[in-house]
1. Treating the stretch 248-379 as a set of equal point scatterers at the Cα positions, no solvent, please give the Debye-formula log₁₀ I(q)/I(0) at q = 0.10, 0.13 Å⁻¹.
2. Tell me which chymotrypsin sites (Phe, Trp or Tyr not before Pro) from the stretch 15-109 have a DSSP coil assignment and no more than 11 other beta carbons within 10 Å of their own.
3. Can you give the calculated 222 nm mean residue ellipticity of the chain, where each DSSP H run of n ≥ 4 adds -39,500 (n - 2.57) and the sum is split over every residue, rounded to the nearest 500 deg cm²/dmol?
4. Can you find, among SER52, PRO105, LEU28, the residue sitting farthest towards the positive end of the charge dipole of the stretch 2-125, where Lys and Arg contribute +1 and Asp and Glu -1 at Cβ?
5. With charges set only on the Cβ (+1 for Lys and Arg, -1 for Asp and Glu), what does the dipole of the chain come to about its Cα centre, in debye to the nearest 20?
6. So how do 289-295, 213-219 stack up, highest first, on mean other-Cβ count within 10 Å?
7. Of the trypsin sites (Lys or Arg not before Pro) in the stretch 192-259, which ones lie in a loop per DSSP and count no more than 11 other C-beta atoms within 10 Å?
8. Could you order peptides 366-377, 152-163, 189-200 by the average number of other Cβ atoms within 10 Å of their residues, highest first?
Amino acid sequence: MGMVGGGRGAFIGAVHRMAANLDGKIELVAGAFSSDPKKSKLSGKDFFLNPSRVYGSYQEMAKGESELPVGERIDFVSIVVQNHLHHAVAKHFLEAGFNVICDKPLAYDLKEARNLRRIVKKSGKVFALTHNYTGYPMVKEARDLARKGKLGRILKVVTEYPQGYAVGDIDNKNDGKIASWRTDPKIAGISNCIGDIGTHAENLGAYITGLEIEEMCAELTAFIPGRKLDDDGNILIRYKGGAKGLLYASQISNGDENNLNIRIYGTKASLEWHQEDPNELIIKFHDKPRQILRRGNGYVCNSAKTNTRTPFGHPEAFIEAFANVYMAAARSIAAEVAGKKLPENPDFPTVEDGIRGMAFIATAVKSSNSKAKWTKMLK
């Protein structure tokens, strides 16, 4: 694999590298790790790479790798740059003939996202988006239960993603310490909180239930004085088919760390999953005691089993879930490189998930700015 972005001091780049390397089947061999060529070279040294394959720009990298023999060049690129560069970097590598794994969101805005979808389809290459929470074994168990009708008809979906890290940044004094680019419209796009963590909440609900949003009523707020983009969002959702939803994402929920959780209520049963306690899935009934299913046991579905690395009683979490997305994408990439038929129904987020996420962001902002409030989901 090659990487664009994610050099010295970059949190998410390190996460991607650890996840890709976890199973020993993906090797980092090249990269353009910074817009500063010197920093890129230093980062390549940190990662023990051949200096000749550490590049000063992503354009130089795509050209250099393309000129290598097929068996030596990278098989895919991992893109971990800021939002406003996702489209340009992905487009460049796809058109150069490389498969792509990209951090979310898909692009800077919905227009770019739609264009990128056209490029992906035209290229015939594998494109994966790292909505990493879909990689947890018990999320896959929740999906299996919901999709097989074990919950009955789904009535309500409640998803929450509260964080509190940004509440202390009064008057923007400390924004530089909390990735201030996320609050810069020129870099992040039209939303901060909903664009960053709200899309994870939306994706989690869609992945488990398969429900499509029909319309939403959103209120986005920038509570911290001087902040240009939202740091809190509250959304009512109407799904196709009649189910209702609540989605709350926040970066000013004082005391919360990374408390993503979801509750899905059906006519037969309901389920509940918490990212901070990811190895358990709670199943609730109206006429008998609740059940707690745990990762690694023989009673979970095949998808949960195949995405589990250690026996029950040994916790698995964030990096392993990220690695599951990488490994699922890598199986398709290996097939593409070998000229074989791609696996059917691959279990990783694709460009279509990215389009839906960008449409979700755009619709939420449109609704929040509208007097009418209830706003049809964009596509």
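Laboratory data are not the source of any read-out in this text; all were calculated from the coordinates shown. This one's a predicted model, so the numbers in the text were calculated from it and none came from an experiment. In this analysis, Cβ positions are derived from the backbone assuming ideal geometry, glycine residues included, and neighbour counts consider all displayed protein chains.
1. The Cα Debye sum returns log10 ratios of -0.53, -0.88.
2. Taking the stretch 15-109 and a limit of 11 other Cβ atoms within 10 Å, the loop chymotrypsin sites (Phe, Trp or Tyr not before Pro) found are PHE48.
3. The helix-only estimate for the chain comes to -10000 deg cm²/dmol at 222 nm.
4. Toward the positive end, the furthest listed residue is PRO105.
5. For the chain, the charge dipole is close to 1040 debye.
6. Most protected by this proxy first, the peptides run 213-219, 289-295.
7. LYS240
8. 189-200, 152-163, 366-377
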